[in-house]
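In what follows, a single structure is set out as structure tokens and then discussed.
The values are calculated or read from the model by the stated rules, or taken from the named source; none is laboratory data. This one's a predicted model, so the numbers in the text were calculated from it and none came from an experiment. Cβ sites come from the backbone with ideal geometry, for glycine too, and all protein chains shown count toward neighbours. Ligands, DNA and RNA are excluded from the accessible area calculation, which covers all protein heavy atoms including side chains. Shrake-Rupley method; radii C 1.70, N 1.55, O 1.52, S 1.80 Å.
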Amino acid sequence: MLPFVNCHAHIFNSSCAPDYYLRMVLPKVLDPFANTIKAFLDKKMTRAFMVGLIKVATLFDKNKRKAFERYLSFITVGSSASQRDIFRSLLDNYKNIQNPRVVALTLNMDHMGHFASNHASINSQLTEMKELKKEYPDNIFPFISIDPRHLGGRELLTWVQRYINDDKFFCGIKMYPAKGFFPFDPRLDEVYAWAEQENIPIMTHCTRSGSFFIDTIDRSAVVAQPLSLNNNPKFMHPIYDRIGKVLADKGIHKKNFVWCNLFTHPEHYLPVLDKYPDLKLCFAHFGGSNEVIFKTPADYPEYLGPNWFTLIQELIQNPEYKNIYTDISYTLYNPDSLNAILKWYDQASPEKKLRVLFGTDYYMTEQEKSEKDLLANAMETLGPVRIEQIARINPHAYLSSNYYN
């Protein structure tokens, strides 16, 4: 029997997040105090006091209140332990599964804004992950998080190859465009070419929610016609049209959580896939629970559509792309969205069933359900036949590359 694999989990702690990370969830009036508030929240002794103050400050803003509670769950786990301790806590939930494997996705948070910050850089995060791989060689399978603003072109590829090589410490690449870059950025070109050649798996965040670039739109990568690694007008003209509408819509310029959807939009991968059709690429979360049940929030303008769940299905079904995957991480906490995915899955062809991966998005999901409950519910709802396919057979194919078998 192939091993059971959770293809989507996180174990970085709060020291990896920049001080200004909290700006995503605070009311604007508290922006100047973000660094100080984060310092208080990172300490268990002062966290309860600060939580009370924030709840009062967000009393009349339900969106901010919910966002803060989500951030607090991240802080509660992330500030209480090292990456090693978080990983061991995760494994404790899999005691009934023999030799479980976890894809641990690192996250480059060094470029979420132009603010000064004190935090552990991506290099520090990767160093710790490498040590964990030595300790748990059969259980942890780390992905390296890339950002073209960190390094680009040949430099970025060389940096990636320091971690993904015959030493087998890292087995894939993680991307999070919502933090401020486009997937068609030409600085990613050499990495894509190498990843396609070596069959390296790439995991990209693909939901409208999550973390995002938190500076102003005019200090981001959003210009009328950003450079692309593929200038095919068939794909770039619709993208430039969408960018133009974002730039013209002043009403969303201060709503980073809305316009940052522009970076992550599934259609913005089409120039990449047109150039690298055999790229092994997983669109995480299947678009997100709201998209799966067709309940996109009203404050998302029509030009940032169409529905992402549908778009990902179309990519999986496109015969030109043989290696498009998705996972059910985080989205699986919602019974309605999980059932909607299973309805699609059960009607899909055997070939399309190969493209769905199991994942939970630990510990981001702790705000919804504990990992233990999430896993138990998933095992019961999915059943042994589906679990065998999406948690054992499919991950084996997805994770295998010229370096990993």
So which chymotrypsin sites (Phe, Trp or Tyr not before Pro) in the stretch 112-216 end up in coil per DSSP with only 15 or fewer other C-beta atoms within 10 Å? Phe115
Return the inverse of the average 1/r over all pairs of distinct C-alpha atoms in the stretch 312-379, which is the Kirkwood hydrodynamic radius, in Å to one decimal. 12.8
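With a 1.4 Å probe and all protein chains left in place, how much of the accessible area of the stretch 298-377 comes from carbon and sulfur atoms, in whole percent? Walk me through the numbers before you get to the answer.
Working: 1660 of 3300 Å².
After summing per-atom areas, the C and S share lands at 50 percent.
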Taking a crude spin-label model, label points 7 Å out from Cα along the C-beta direction, the Lys372 to Glu135 distance in nm is 2.2
State the dimensionless ratio Rg/Rh of the stretch 132-275 (Rg: radius of gyration of Cα atoms; Rh: Kirkwood radius). 1.01
Which value in Å does the Kirkwood hydrodynamic radius of the stretch 79-174 take, with 1/r averaged over all unlike C-alpha pairs and then inverted? 14.6
Largest-first principal axis extents of the Cα set of the stretch 177-248 (Å): 41, 30, 20
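What does the convex hull of the Cα atoms come to per residue for the stretch 231-285, in Å³? Don't jump to the answer; show the numbers that get you there.
Values: hull volume 4.1 nm³, N = 55.
Roughly 75 Å³ of hull volume per residue.
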When the distances between all Cα atoms of the stretch 84-139 are binned every 10 Å from zero, what whole-number percent does each bin get? 19, 44, 24, 12, 1
Rg and Dmax of the stretch 269-405 over Cα atoms: what are they, in angstrom? 15.2, 45
Classified through the alpha carbon gyration tensor (a ≥ b ≥ c as square roots of its eigenvalues; rounded if a/c is under 1.5, else prolate when a/b is larger than b/c, else oblate), the stretch 203-327 comes out oblate
Quick check: the distance between the Cα centres of the stretch 101-140 and the stretch 292-362, to the nearest angstrom? 27
